[in-house]
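Notes follow the structure.
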Amino acid sequence: MSVLKPFSIGDLVEVDGKCKGKIKHLYFSYTVIQEPNGTVLWVPNNRVANGAMRNMSAGAFRLDVGPFDLAHGVDLAAAKQHMLDAAIGHVQVLPEPMPRVLVAEVMQSAIRVAVRVWVSAEDQLIAPFNIREAVLVHLLKQQVPLATWRPHVASTLQRLTELGYPGMADGTIGTRRPERGLSVAPPSADGGDEAVAGAFATHVL
């Protein structure tokens, strides 16, 4: 079967578009696949051999990260450049192909944009969360008006800095991995800046 469907233990695969995960074991009759949520699947090898399989560990992986809703009237070129800067500087984004910022949709309430990046197969499951967070925090730091922009965003940035959020003080957001177990104060009852700060807490898997 290894000749017909080349893969090895540890590869991230998708079988018949129905099960996706890392190959944990290869047996004579079954292939054991662990899904991202921890579920372990025993897939019959006749299904693996005869069905469609994608091996997502073979090369780089493209991600469209977002969407981000920008307010109408925003300096779109400047906003896209800020997003591009955050993506290019992120540790999990590959330098080639170059990241791109694309306008996905123009809505009545917002201009919706996304960041297209390429990451390694190893990072493809966690990278969307980390990159999305880095781009969002960078937009807030640059005071780019989002469609959900609120007056207390400046105090939110100050709160993130006080909490020691990686990169807030020196502008290196996304250029290094945050410390494991970063803790953030629980949301306040009035949904103030602590609630927004809590949404930015990073958990490294």
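Read the figures in this text as sums done on the coordinates, not as results from a lab. This is a predicted model, so every value here is computed, not measured. Cβ placement follows ideal geometry from the backbone for every residue including glycine, while neighbour counts extend to all protein chains displayed.
Decide, for the range 12-55, between rounded, prolate and oblate: order the square roots of the alpha carbon gyration tensor eigenvalues as a ≥ b ≥ c, take rounded if a/c falls under 1.5, and otherwise choose prolate if a/b is larger than b/c, else oblate. Please list the in-between numbers first.
On the way: a/c = 1.92, a/b = 1.17, b/c = 1.64.
In terms of gyration-tensor shape, oblate.
Quick one: order PHE61, PHE28 by neighbouring beta-carbon count within 10 Å, fewest to most.
Working: PHE61 19, PHE28 6.
Least crowded to most crowded, the residues run PHE28, PHE61.
Counting other beta carbons within 10 Å of each Cβ, put HIS90, HIS138 in order, fewest first.
HIS138, HIS90
Fewest first, what order do SER57, SER109, SER120 take by the number of other Cβ atoms within 10 Å?
Numbers: SER57 18, SER109 10, SER120 14.
With the sparsest Cβ surroundings first, the list reads SER109, SER120, SER57.
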